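The values are calculated or read from the model by the stated rules, or taken from the named source; none is laboratory data. Remember, it's a predicted structure, so these values are computed and weren't measured experimentally. Please note: Cβ atoms are built from the backbone with ideal geometry, for glycine as well, and neighbour counts cover all protein chains shown. Ligands, DNA and RNA are stripped out before the accessible areas are found, and what is left, the full protein with its side chains, is counted by its heavy atoms. Shrake-Rupley method; radii C 1.70, N 1.55, O 1.52, S 1.80 Å.
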Amino acid sequence: MKLLIIGHHIVVKAYQELWVAAATQFPDNQIEIVYPEVYEQAGLVKAEALDPERVPVHPLKAPFGRAGRQHLHFYLGLDRALDRIKPDYVYALEESNSLVTVQIARACAKRKIPYCFWTSLNEVRIYKEMYGRLNIRHSLYHWCQQYIFKTCAGAPVGHPGGN
């Protein structure tokens with residue numbers, strides 16, 4: 001099986017360690033990573049592969065990545081990368097209320113690739129109460145979340161109490 005991991009925070013080498021360890025433990029599976037070339041993650045970070053022989057990486061341009069806008073960035077060339085990599089499954093390490101997750105979901109749907117998303121939102125969020133009806137985030141986050149919930153194969157979730 002070929003698993004493709006897509007996530008903005010994987011530009012940080014420490015976040016790649018899990019996938020290198022998984023590739024080591026399960027050598028019959030292929031794991032590859034897509035992340036932004038540059039991303040604002042506790043300072044401006046330029047993407048760098050931890051172990052590209054074991055876990056190939058595919059850095060893509062990500063508008064808004066320099067500003068650290070995790071909900072608003074997107075990938076230029078994602079469709080071409082999916083066509084080139086040909087994954088069997090995609091793990092979007094992005095929240096359900098993000099435009100980038102919708103981009104990943106739509107790209108996967110075109111290719112009939114199942115995907116899941118990551119979340120740390122262990123609570124119901126009512127965006128109209130958080131932002132009010134006139135704030136664009138109210139509608140945008142709600143729409144993104146509804147689309148992702150309808151199209152994903154699943155999502156790993158944490159304990160409802162937090163940690």
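Residue 93 meets each of the listed conditions (1) touching a residue at least 60 places away in the same chain (Cβ under 8 Å); (2) open to solvent by 20 Å² or more (accessible area, probe 1.4 Å); (3) not small (Gly, Ala, Ser) apart from (2). Within the stretch 101-135, the set of residues being among the polar types (S, T, N, Q) and modelled with pLDDT of 65 or more comprises 101, 103, 119, 120. Restricting attention to the stretch 25-51, which residues are more than 19 Å from residue 90 (Cα to Cα) and either in contact (Cβ under 8 Å) with a residue 60 or more places away in the chain or hydroxyl-bearing (Ser, Thr, Tyr) (or both)? Result: 39, single match. Looking across the stretch 65-81, the residues that are under 10 Å from residue 100 (Cβ atoms) and at pLDDT below 65 come down to 65, 69. Select the strands (runs of 3 or more DSSP E) contained entirely in the stretch 1-46, then report the ones holding at least 2 residues which are within 13 Å of the chain's Cα centre (by Cα). Filter on the stretch 1-46 gives 2-6, 30-36.
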